[in-house]
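The values are calculated or read from the model by the stated rules, or taken from the named source; none is laboratory data. What you see is a predicted model, and the numbers here were worked out from it, not measured in a lab. A quick note on method: Cβ atoms are made from the backbone with ideal geometry, for glycine too, and the neighbour counts reach across all protein chains shown. Just so you know, the surface numbers come from the protein's heavy atoms only, side chains and all, with ligands and any DNA or RNA stripped out. Shrake-Rupley method; radii C 1.70, N 1.55, O 1.52, S 1.80 Å.
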Amino acid sequence: MNKDFTIISGPCSFESIDQIDKHFNELDSQFLRAGIFKLRTAHESFQGLRSKGISDIRDLKEKYKFKFVSEIVSKESLENIAEITDIFQIGTRNMYNYELLKEVSKYKKKTILKRAFSATIDEWIKAGKYIDEYLENVILCERGIRTFEPSYRNTLDLNAVSFIKRNYGFNVIVDPSHGTGDAKMVEDLSLAALACGADGLLIETHFDPKNSISDANQALSLDQMNGLVEKLKEASKIFNKKVIF
Ligand code: PEP
Ligand code: MN
């Protein structure tokens with residue numbers, strides 16, 4: 001039987017209803033990732049629509065029937081978006097926030113746990129156990145680590161994917177958008193993620209990448225995203241995987 005390779009895509013930040021209408025006019029996908037609460041390095045950067053975005057997402061889910069993936073940044077944001085969110089996302093900056101992980105564990109929902117950019121694999125797995133002791137509800141997400149190499153935003157550690165799949169078998173997906181910070185590299189690293197045993201991808205897209213409010217450099221256009229899905233469908237045959245998009 002073929003194993004699933006699940007591709008979750010969407011904008012870094014939820015910006016407007018029109019943005020999501022454009023997304024679903026181009027992409028025939030059952031998932032949407034979009035940040036409502038954003039954790040940004042600079043305090044003056046866009047922090048997300050926050051509570052103001054919730055009712056619009058509820059209406060959009062009704063219209064397009066997608067599964068919603070969104071980052072929670074605090075206990076308050078968790079309580080705010082739990083009802084509209086099908087898969088929680090914990091960002092790289094919060095992997096070590098054990099009190100937040102304990103709160104998330106109470107919901108017993110699928111949770112994408114991004115690797116902190118300086119975490120060892122052991123620390124990452126231990127963080128996952130705060131959410132679910134056996135990591136059944138946890139989807140580990142390799143999103144790049146900080147190394148001495150300054151040519152790209154992060155260094156995507158695909159070794160970690162192969163290592164975890166072969167030694168533990170936990171669910172692992174790859175985020176080549178934050179892993180590279182460069183839309184031109186996203187396709188290469190997506191195909192590499194499939195080849196090294198990942199269970200799927202988390203990819204940033206935008207209908208007009210250069211005008212994306214956050215992470216514009218790494219967003220794929222919707223055309224590029226459709227092209228990538230087609231390539232992954234072809235490549236997945238070699239690895240006995242079935243693309244779910
Ligand atoms: C994101 O997915 O938009 C994000 C903020 O990711 P990370 O936590 O990996 O930086
Ligand atoms: Mn982002």
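Short to long, the 5 Å bins of the Cα pair-distance histogram for region 1-103 hold 2, 12, 23, 24, 18, 12, 6, 2, 0, 0 percent of all pairs.
Taking amide hydrogens as placed 1.01 Å from N in the peptide plane, the amide H of residue 171 sits under 5 Å from those of 140, each at least 5 positions away in sequence or on another chain.
When the chain is described by a simple charge dipole with +1 on each Lys and Arg Cβ and -1 on each Asp and Glu Cβ, the residue from 191, 170, 37 located farthest towards its positive end is 170.
Shown in residue order for region 128-138 are the 3J(HN,Hα) couplings computed by the Karplus curve 6.51 cos²θ - 1.76 cosθ + 1.60 at θ = phi - 60°: x, 5, 5, 7, 7, 3, 9, 6, 5, 8, 9 Hz (x for Gly and Pro).
Note on the chain: dipole from Cβ charges, positive end direction compared against 112, 51, 220; the farthest Cα belongs to 112. In a simple Cβ point-charge model (Lys, Arg +1; Asp, Glu -1; nothing else charged), region 137-245 has a dipole of about 380 debye relative to its Cα centre.
Projected onto its three principal axes, the C-alpha set of region 96-153 covers 40, 17, 17 Å, listed from the longest axis down. Phi angles of region 58-67 translate, via the Karplus equation with coefficients 6.51, -1.76, 1.60 and θ = phi - 60°, into HN-Hα couplings of 4, 5, 5, 5, 4, 6, 10, 6, 8, 8 Hz per residue; Gly and Pro are given as x.
Explain nothing, just the number: dipole magnitude of region 1-146 about its Cα centre with +1 on each Lys and Arg Cβ and -1 on each Asp and Glu Cβ, in debye rounded to the nearest 20. Let's see the in-between values first.
On the way: 25 positive and 23 negative charges, 55 e Å.
The dipole magnitude comes to about 260 debye.
In the chain, Cα pairs under 8 Å separated by at least six residues give a relative contact order of 22 percent.
On full extension of the chain, what length is gained from residue 136 through residue 166, given 0.36 nm per residue of separation minus the C-alpha to C-alpha distance? Walk me through the numbers before you get to the answer.
Values: separation 30, 0.36 × 30 = 10.80 nm, distance 1.64 nm.
Residue separation times 0.36 nm, minus the Cα-Cα distance, leaves 9.2 nm.
Can you give the translational diffusion coefficient of the chain in µm²/s, computed by Stokes-Einstein from the Kirkwood radius over Cα pairs at 4 °C and 1.567 mPa s? Each step should come with its number before you reach the end.
On the way: Rh = 17.9 Å.
It comes out at roughly 73 µm²/s.
Only Lys, Arg, Asp and Glu carry charge here, each on its Cβ (+1 for the first two, -1 for the last two); on that basis the chain has a dipole of about 540 debye about its Cα centre. In order along region 162-167, the phi-based Karplus estimate (6.51 cos²θ - 1.76 cosθ + 1.60, θ = phi - 60°) of 3J(HN,Hα) comes to 4, 4, 5, 4, 6, 9 Hz; Gly and Pro are listed as x. Taken over region 107-197, the convex hull of the Cα atoms encloses 91 Å³ per residue.
On region 126-240, 49 percent of the accessible area sits on carbon and sulfur atoms, based on a 1.4 Å probe. Distances between placed amide hydrogens fall under 5 Å for residue 145 paired with 155, 156, 157, all partners being 5 or more residues away or on another chain. Once the 1.4 Å probe is applied to the protein heavy atoms, the chain comes out at 47 Å² accessible per residue. Size descriptors for region 66-118: radius of gyration and Dmax over Cα atoms are 10.3, 33 Å.
Rounded, prolate or oblate: which fits region 145-245, taking a ≥ b ≥ c as square roots of the Cα gyration tensor eigenvalues, rounded meaning a/c under 1.5, else prolate when a/b beats b/c? Judged from the Cα gyration tensor, region 145-245 comes out oblate (a/c at least 1.5, b/c at or above a/b).
What is the extension gain from residue 107 to residue 3, computed as 0.36 nm multiplied by their sequence separation minus the C-alpha to C-alpha distance, in nm to one decimal? Display every interim value, and only then the final one.
Values: separation 104, 0.36 × 104 = 37.44 nm, distance 2.64 nm.
Full extension of this stretch gives 34.8 nm more.
Of the residues 102, 109, 65, the one with the largest accessible area comes first in the ranking 65, 102, 109, computed with a 1.4 Å probe on protein heavy atoms. Taking a quarter of the surface of the Cα convex hull of region 1-60 gives a mean projected area of 5.7 nm². Under a 5 Å amide H cut-off, with hydrogens placed 1.01 Å from N, residue 219 pairs with 183 among residues at least 5 apart or on other chains. For the chain, modelled as a GNM whose springs connect Cα atoms under 10 angstrom apart, the maximal fluctuation among 227, 144, 197 occurs at 227.
In the chain, helical runs assigned H by DSSP with n ≥ 4 each contribute -39500 (n - 2.57); averaged across all residues and rounded to the nearest 500, the mean residue ellipticity at 222 nm is -11000 deg cm²/dmol. Roughly how far apart, in whole Å, are the Cα centres of region 48-72 and region 224-242? Using only Cα atoms, the two centres lie 27 Å from each other. Considering only DSSP beta bridges with both partners in the chain, what is the antiparallel share in %, to the nearest 5? About 5 percent, rounded to the nearest 5.
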